[in-house]
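Step one of this worksheet: look at the structure below.
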Amino acid sequence: MKQDDRAPFVQGLRPGRMAAYSPGEFVEQESFMRAGEILALAHQAGIAPGISVLDLCCGVAGPGRFITRELGCTYLGVDFSSSAIGIARESCGGLSCRFEVSRIPPIPPGPFDVVLLFETMLAFPEKETLLEEISGALKPGGRFAFTMEEGLPLTEAERESMPDADTVWLTPLQEMLTHLERVGLVVRWRDDCTRSHRAVADSLNDAFAADAADISGQIGPRALEELLAAHRLWSSWLREGRVRKFAFVAEKTQTPRMSTANAAVAG
């Protein structure tokens with residue numbers, strides 16, 4: 001199987017994902033977000049007809065297609081996986097969606113009304129570099145809507161136990177708020193989704209374990225073992241407070257400046 005072949009994972013995990021989410025909450029997302037959370041975050045970001053949206057690390061773009069269908073925006077999804085983008089293109093039907101295969105950063109210059117980054121902030125070790133580009137791609141008054149895994153960096157022992165630890169770069173909350181302020185992004189809304197995402201992680205782990213034989217046949221036993229191990233770790237960390245999950249909407253100010261708004265949200 002090619003490293004970039006996303007189709008076996010999409011097909012193999014789909015039954016488990018559909019079983020794990022409540023009715024109406026699965027929209028082909030590859031994360032712990034429920035459809036209701038995705039739509040709430042999109043509303044907070046002001047997504048509506050005529051709004052231009054850039055979705056970074058969109059994968060197969062389940063959330064992006066869902067948002068476009070529900071809210072009627074103009075959508076561009078970007079991901080480095082050509083197979084994921086291929087699936088997204090095949091699945092978009094008559095929606096006004098465009099897709100590009102590209103490493104991130106760099107990101108398309110825009111300007112855009114809204115930039116999305118769902119469930120992949122932890123994959124970027126240099127957060128401020130990414131945020132600078134996002135701020136530069138937004139119109140003045142544009143919004144950056146994203147989720148993040150908040151916590152201290154992984155220890156060496158934790159890295160040894162975490163599959164794909166080279167894509168797990170946790171960030172303390174105050175550090176993230178400081179990064180946002182430096183690039184001219186002021187937090188307007190924040191929601192703690194730790195409890196709900198822990199519940200989804202538990203439900204997914206149970207569903208994948210119950211469907212283990214079929215999943216293993218699609219993606220292989222090693223990939224299944226790593227998948228289950230990762231879900232168990234996330235569930236444990238979210239339960240114990242080692243990691244917290246947050247959703248944010250930050251607005252681009254005219255010029256980068258230190259803001260008291262972000263400091264107030266941190267409290």
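The values are calculated or read from the model by the stated rules, or taken from the named source; none is laboratory data. Values in this document were obtained by computation on a predicted structure and should not be read as measured data. Reconstructed Cβ throughout: ideal geometry from the backbone, glycine too, with neighbour counts over all protein chains shown. Surface areas here come from the heavy atoms of the whole protein model, side chains and all, with no ligands, DNA or RNA. Shrake-Rupley method; radii C 1.70, N 1.55, O 1.52, S 1.80 Å.
Summary of values
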{"item": "Residues located in region 169-202, provided they are in a helix (DSSP H, G or I), among the β-branched types (Val, Ile, Thr) and within 30 Å of Gly16 (Cβ to Cβ)", "result": "Thr194, Val200"}
{"item": "Region 181-203, residues that are under 15 Å from Met148 (Cα atoms) and open to solvent by 10 Å² or more (accessible area, probe 1.4 Å)", "result": "Trp189, Arg190, Asp191, Asp192, Thr194, Arg195, Ser196, Arg198"}
{"item": "Qualifying position, being under 16 Å from Arg103 (Cα atoms) and either modelled with pLDDT of 95 or more or in contact with a helix residue (DSSP H, G or I) (Cβ under 7 Å, 6 or more places away or on another chain) (or both), among Leu71, Leu76", "result": "Leu76"}
{"item": "Test: residue in region 6-29 that is crowded, with 18+ Cβ neighbours inside 10 Å, at pLDDT 95 or above and under 24 Å from Val187 (Cβ atoms)", "result": "yes"}
{"item": "Glu149 part of a strand (DSSP E or B), surrounded by 15 or more Cβ atoms within 10 Å (Cβ to Cβ) and out of contact with any Phe, Trp or Tyr (no Cβ under 8 Å at 6 or more places or on another chain)", "result": "yes"}
{"item": "Number of the exception - Pro106 against (1) crowded, with 17+ Cβ neighbours inside 10 Å; (2) within 22 Å of His179 (Cβ to Cβ)", "result": "(1)"}
{"item": "Some residue of region 97-111 being among the hydroxyl-bearing types (Ser, Thr, Tyr), under 25 Å from His43 (Cβ atoms) and in contact (Cβ under 8 Å) with a residue 24 or more places away in the chain", "result": "no"}
{"item": "Matching residues in region 37-56 - criterion: being out of contact with any helix residue (DSSP H, G or I) (no Cβ under 6 Å at 6 or more places or on another chain), within 24 Å of Ala199 (Cα to Cα) and buried (at least 19 other Cβ atoms within 10 Å of the Cβ)", "result": "Glu37, Leu41"}
